[in-house]
């Protein structure tokens with residue numbers, strides 16, 4: 001009887017050893033937090049696209065988890081603190097944060113390092129077609145969805161509207177893009193402000209329920225000296241003549257800022273380098289575009305466009321290899 005039991009005992013022992021080894025390998029994976037963005041925004045899609053790309057998932061030492069967030073300014077602070085390893089942040093916030101120039105915040109966020117350029121995002125101000133609102137000055141006394149607190153949309157709305165002298169003269173509703181679109185469709189707000197990639201699903205949603213128009217924000221910015229004071233913004237029309245927003249048939253003036261992927265200084269160099277190496281291949285870039293057409297803006301040639309702050313060592317190594325950084 002004892003002889004018959006030996007093979008069973010041996011088999012069980014081997015299975016236990018294998019299971020313990022497998023469990024040990026899983027446990028050994030380092031959890032990497034990617035700060036995304038609010039519902040209805042492109043920031044969240046950035047994190048999800050990178051985290052779900054198979055060559056990135058195959059980096060066996062790491063397990064990437066995407067967490068939603070308020071957006072750009074929240075991501076800046078979360079990445080700086082080390083609570084997130086990666087995040088998506090507007091270039092203007094990265095620069096202002098590193099140099100202690102954030103609105104009402106003198107903190108220097110020096111643990112945030114640039115990784116790569118993602119895309120340009122335009123300011124968008126959606127109003128009812130027959131509302132009579134032709135300029136931000138017409139918003140005085142109106143209800144405006146200004147983006148969620150902690151987002152780049154909220155921060156840039158505060159910046160632009162304060163410069164125009166109307167920030168304290170509107171009724172602000174700090175909600176996500178999707179919630180703002182719902183409120184707009186239900187006539188609970190008069191205008192919907194966004195700072196995100198074009199086209200945006202929340203605006204498409206609003207346009208299916210209402211006849212909409214977009215305010216020419218470039219005209220306002222030129223008339224009040226906005227570009228002279230805030231040099232990270234660039235005038236650029238939104239190509240709304242393509243029909244993506246129902247009822248809007250002409251391009252609309254606006255301004256843009258570049259969007260960057262950033263990393264904490266302590267994020268492993270091999271991870272940053274490996275992620276870039278996986279993404280910046282024809283297959284990797286095609287995968288990003290398959291997740292959202294906005295990522296057509298990504299290319300090796302534009303890899304560090306809009307970067308005015310130090311690169312993460314892993315990113316510096318990659319971009320030097322690619323000949324983008326000398």
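What length, rounded to one decimal in nm, is gained on full extension from residue 242 through to residue 325, with 0.36 nm per residue of separation minus their alpha-carbon distance?
My answer for the length gained is 26.3 nm.
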Longest principal axis of the chain (C-alpha) makes with the long axis of helix 282-291 (C-alpha) an angle, in degrees to the nearest 10, of 60 degrees
What the 10 Å binned alpha carbon P(r) of the chain shows, as percent of pairs per bin from 0, is 6, 25, 30, 20, 10, 4, 3, 2, 1, 0
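Please give the contour-minus-distance gain from residue 65 to residue 234: 0.36 nm per residue of separation, less the Cα-Cα distance, rounded to one decimal in nm.
57.5 nm
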Out of 120, 283, 158, a Gaussian network model of the chain with alpha-carbon springs under 10 Å gives the largest mean-square fluctuation to 283
Summing -39500 (n - 2.57) over every DSSP H run of at least 4 in the chain, dividing by its residue total and rounding to the nearest 500, the 222 nm mean residue ellipticity is -12000 deg cm²/dmol
Checking rank on 271-278, 294-301, with mean other Cβ inside 10 Å and highest first, the result is 271-278, 294-301
Residue separation between residue 129 and residue 58 times 0.36 nm, minus their alpha-carbon distance, gives in nm 20.7 nm
With label points set 7 Å from each Cα along the Cα-to-Cβ direction at residue 169 and residue 111, the distance between them in nm comes to 4.2 nm
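Which semi-axes, in whole Å and largest first, does the equivalent ellipsoid of the range 41-104 have when worked out from the alpha carbon gyration tensor as the square roots of 5 times its eigenvalues?
25, 12, 9
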Tilt, helix 2-28 to longest principal axis of the chain (alpha-carbon atoms), in degrees rounded to tens, equals 30 degrees
When the chain is treated as a Gaussian network with springs between alpha carbons less than 10 Å apart, the largest mean-square fluctuation among 129, 83, 229 is found at 229
For the range 121-257, one quarter of the surface area of the C-alpha convex hull, expressed in nm², comes to 6.9 nm²
Taking R0 as 35 Å and r as the Cβ-Cβ distance between residue 219 and residue 29, the FRET efficiency 1/(1 + (r/R0)^6), rounded to the nearest 0.05, comes to 0.10
Simple SL model, points at 7 angstrom along Cα→Cβ for residue 81 and residue 286; separation in nm is 4.1 nm
Within the set 254, 241, 69, GNM on the chain using Cα springs under 10 Å gives the largest fluctuation to 241
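Every number in this text was worked out from the coordinates using simple rules, so none of it is lab data. Bear in mind that the values here come from a model prediction, so they are computed numbers and not experimental data. Virtual Cβ from ideal backbone geometry, glycine too; neighbours counted across all protein chains shown.
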